[in-house]
Amino acid sequence: MGQNLAGLLSHQPNQISVAKLLKAFNVQDRTYTVQLGDTLSDIALRLNFWFDLDVTWEDLARINELKNPDLILEGQVLNLFV
């Protein structure tokens with residue numbers, strides 16, 4: 001990937017802390033709780049970086065049956081895998 005953690009965090013307009021981001025990912029339940037300023041692209045990028053996956057924003061939109069992938073809300077829980 002070639003990106004470091006600082007690079008990933010710079011994609012966040014509100015500079016979410018690493019601890020808060022890691023808490024948002026619930027690996028056991030395979031979910032992610034949307035944080036203020038998140039986009040599906042940001043979430044996919046983090047999944048790929050931290051968990052060595054190959055997930056796209058399109059995958060996340062399909063898995064979660066999002067009618068408008070540009071509209072995700074803070075606190076919304078997204079499934080990460082089928």
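Structure data summary
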read-out: Output for segment 55-65, where each listed residue is within 12 Å of the chain's Cα centre (by Cα) and part of a loop (DSSP other than H, G, I, E, B); value: V55, T56
read-out: Segment 22-35: number of residues that are of a type in the set (S, T, N, Q), in contact (Cβ under 8 Å) with a residue 12 or more places away in the chain and within 13 Å of L80 (Cβ to Cβ); value: 2
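Residue-by-condition table, conditions (1) acidic (D, E); (2) at pLDDT below 85; (3) touching a helix residue (DSSP H, G or I) at 6+ places or on another chain (Cβ under 6 Å):
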position	(1), (2), (3)
G2	no, yes, no
A19	no, yes, no
R30	no, no, no
D38	yes, no, no
D42	yes, no, no
N64	no, no, no
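Residues are listed down the side, and each one gets a yes or a no for (1) surrounded by 18 or more Cβ atoms within 10 Å (Cβ to Cβ); (2) β-branched (V, I, T); (3) free of Cβ contacts under 8 Å to residues at least 12 places away in the same chain; (4) not in a loop (DSSP other than H, G, I, E, B):
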| position | (1), (2), (3), (4) |
| --- | --- |
| G37 | no, no, no, no |
| L45 | yes, no, no, yes |
| W50 | no, no, no, yes |
| L53 | no, no, yes, no |
| K67 | no, no, yes, no |
| L71 | no, no, yes, no |
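The values are calculated or read from the model by the stated rules, or taken from the named source; none is laboratory data. Bear in mind that the values here come from a model prediction, so they are computed numbers and not experimental data. For neighbour counting, all protein chains shown are included, and Cβ atoms are generated from backbone atoms with ideal geometry for every residue, glycine included.
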